Amino acid sequence: MTIALIVSGVAPHDRPTWLMETFWVVIGLPLLVRVWRRFPLTGLLCVLLTLHALILVLGGHYTYALTPPGEWLQDWFGLARNPYDRIGHFVQGFVPAILWREILVRRSPLGGSRWLAPLVVCGCLAFSAFFELIEWWAALIGGSAADDFLATQGDVWDTQWDMCLALLGATSALLLLSRLHDEQLTALGDSTGRTPSTTSSPEPRRSLRRTGG
């Protein structure tokens with residue numbers, strides 16, 4: 001991943017856009033290395049994070065409106081715009097859903113709770129909304145110079161589309177990958193000496209009423 005990040009930074013289409021798009025990769029890699037011994041991740045999450053990082057660095061190098069994969073899709077399906085940013089925002093919900101799920105299962109009492117999935121989706125939507133605020137701040141500060149970062153391509157509903165796709169991505173990840181994720185969490189707990197609870201029912205609430213006697 002480090003090699004891909006370095007290569008993407010060689011003569012990018014727009015240097016400020018590259019910096020903003022790859023910011024999460026730049027801070028995420030050292031953080032992952034720092035916490036790995038205390039908090040190793042499941043293989044599923046590692047693969048998803050790598051995929052997400054590659055999408056970010058490719059978008060950072062070309063800008064989202066000019067990425068070749070997006071242009072190919074635009075030509076194949078006769079689309080009016082490059083859809084690469086749509087893919088990016090779907091993944092922005094899909095991958096963080098498994099990240100939030102892993103953190104909550106292993107570091108909170110939510111393992112096995114019916115509240116786990118709704119709270120994961122809410123966390124992904126909160127991050128998506130925060131990212132839209134970042135884009136708004138970038139537009140206020142950079143003006144037209146931030147157009148490559150915003151990648152709206154003239155769509156007045158771009159912000160709404162971005163958040164909707166993040167919602168769809170998070171929901172899809174939970175529906176498709178929760179069982180596999182549970183299996184890997186159990187295996188990871190065995191290998192680290194921890195036993196994350198992913199299927200057990202939450203502990204029943206104790207009664208506060210005093211008993212006689």
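The values are calculated or read from the model by the stated rules, or taken from the named source; none is laboratory data. Everything numeric in this text was worked out from a predicted model, so none of it was measured. Counting neighbours? That spans all protein chains shown, and the Cβs are built from the backbone with ideal geometry, glycine included. Note: accessible area is taken over every heavy atom of the protein model, side chains too, but ligands, DNA and RNA are not part of it. Shrake-Rupley method; radii C 1.70, N 1.55, O 1.52, S 1.80 Å.
Here's the yes/no breakdown for (1) of a type in the set (Lys, Arg); (2) open to solvent by 40 Å² or more (accessible area, probe 1.4 Å):
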| position | (1), (2) |
| --- | --- |
| 33 | no, yes |
| 49 | no, yes |
| 63 | no, no |
| 67 | no, no |
| 70 | no, no |
| 81 | yes, no |
| 84 | no, no |
| 88 | no, no |
**Message:** Criterion first (under 29 Å from residue 123 (Cα atoms), at pLDDT 90 or above and open to solvent by less than 60 Å² (accessible area, probe 1.4 Å)) does residue 29 satisfy it?
**Reply:** no
**Message:** Given the condition part of a helix (DSSP H, G or I) and among the hydroxyl-bearing types (Ser, Thr, Tyr), answer yes or no: does some residue in the range 39-49 qualify?
**Reply:** no
**Message:** With the requirement that a residue be of a type in the set (A, V, I, L, M, F, W, C) and either open to solvent by 30 Å² or more (accessible area, probe 1.4 Å) or part of a loop (DSSP other than H, G, I, E, B) (or both), what does the range 3-17 give you?
**Reply:** 3, 4, 6, 7, 10, 11
**Request:** Could you check how many residues of the range 122-162 are at pLDDT below 90, open to solvent by 50 Å² or more (accessible area, probe 1.4 Å) and of a type in the set (A, V, I, L, M)?
**Result:** 5
**Asked** Is there any pair linking a residue in the range 170-185 that is under 22 Å from residue 40 (Cα atoms) to one that is modelled with pLDDT under 95 and not in a helix (DSSP H, G or I), with Cβ under 6 Å and at least six apart or on different chains, and which?
**Response** 182/198; 185/196; 185/198
**Request:** Would you mind finding the one in 185, 176, 167, 180 that is open to solvent by 80 Å² or more (accessible area, probe 1.4 Å) and either under 30 Å from residue 90 (Cα atoms) or modelled with pLDDT under 55 (or both)?
**Result:** 176
